[in-house]
Every structure is written in C-alpha cells, then in structure tokens.
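Computed from the coordinates by the stated procedures, all read-outs in this text should not be read as laboratory data. As the structure is a computational prediction, the values presented were derived from the model and not from experiment.
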Amino acid sequence: MTKHSWTLETNPNPTTMTKHTYAFKIINGRCKIYVDGYVMFCFNQIDFKGYYSYKDDTLLYGIDIYLVDTTMEIYFKTKENWLGILKLLDENL
C-alpha cells in the first residue's frame, strides 16, 4: 500500500484559515484521491494511461484522466484544490 499526503492552507476569509488535506493511496491496484478524508475520485491503476490539466472558459479548472476505455472529466471551482490534486498526481503517477 502506498500512501502520500500533504496539507494546503487556503484563506477565503482573511479572519479565518481553512486547511484542506490531500492524500493519494493505492490499495489492491485501485488509486484513490482523498480531500479532507473523503474520496474525491478513484480509478484502476492498470487502466491508467495519463492525464491532462486545463482551465476552461467558464472559470472552472479541469483534469482529464485517460483510462483504457474511457476518460474521466473532473472539474474544480477553486485553483487551490485543482493545484492540490495536480501535485498528488505529479508525485505519484
């Protein structure tokens, strides 16, 4: 089992500090990406072919995960979450 995690601090309100935790785990060939302890998305490690990140016209940030038979499209409203997930993917895949 591989486990990697890190914390990103965001500040939507100057008077409070919000921390998000990001984790990447591989369990029985299944890659799982966690944000704040919840599974954001998962896929089979053997089906993984690559990924592509982009910012679309509607101010959403996206990641396309290319698998053997399909493509997963994942969108984020905040740049911080998008960058957090990209950091995990870059370090682990």
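Overview of values
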{"quantity": "Full-stretch length increase - K32, D69 - with 0.36 nm per residue and alpha-carbon distance subtracted", "calculated": "11.5 nm"}
{"quantity": "Potential extension, D90-I46 segment - 0.36 nm per residue separation minus Cα distance", "calculated": "14.1 nm"}
